[in-house]
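What follows draws every value from the coordinates through simple rules; no lab data is involved. Computed from a predicted model, the values in this text were never measured in an experiment. All Cβ positions, glycine included, derive from the backbone under ideal geometry; neighbour counts span all protein chains shown.
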Amino acid sequence: MRLQSNAWSGLPQNGAGDAAEGIRQAICPAADSLPTAKTVSHVELDLRLHRGLYHSTLYVNRGRKEDFEAAAEAFGRVLEAAPRRADVAAELGRLHLARFGSAPPEEFAPAARKWALQALDIDPRCARGWAVLAALETVDYRRKLECALRGAAFGERDAFCQAQPSLAIGRSS
């Protein structure tokens, strides 16, 4: 049996903010509208994140500066709207790490390290943050292996994170 009408159809359909405004107007219609902060929907955030991932993948595969800039801009827009997204900060670190073949380490390593550490400040279990730190470590083998193992443990379904322990062990000998 299918219902022909929706019992909730009289409520605003654009989220909690609109619902609150609708309730406020029903209770006190003469009062001015409450100021609302500009929010970005989860759909828009997801779109921005995937746009960044797309351009990041293009940068890794093609090495074009415009792909790097487009990915960095998309990730930056996500972090503007949701500054507590550890995964996005880690992706920015990985994006800078991808400059490995096209730039000297002193150009990309500080930015990659900064974003990885920011991701770990937000979420100490951020697998990509640990994996980026492992990939950046060139001096302290124990630290490299520790970061790689943490990244692999926290990112059990992430190929980048899973590859870091074997890369750390392979480069130690």
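Ordering 127-137, 83-93 by mean Cβ neighbour count within 10 Å, with the highest value first, yields 127-137, 83-93.
Each 5 Å bin from 0 upward holds the following percent of the Cα-Cα pairs of the stretch 63-124: 4, 21, 27, 25, 15, 7, 1.
Suppose we look only past 14 Å in the calculated P(r) of the stretch 96-153. What percent of the Cα-Cα pairs does that tail hold? Tail of P(r) above 14 Å: 51 percent of Cα pairs. Taking one quarter of the surface of the convex hull spanned by the alpha-carbon atoms of the stretch 59-173 gives a direction-averaged projected area of 7.0 nm². The protection proxy used here, the mean number of other Cβ atoms lying within 10 Å of each residue, ranks peptides 55-67, 139-151 as follows, highest first: 139-151, 55-67.
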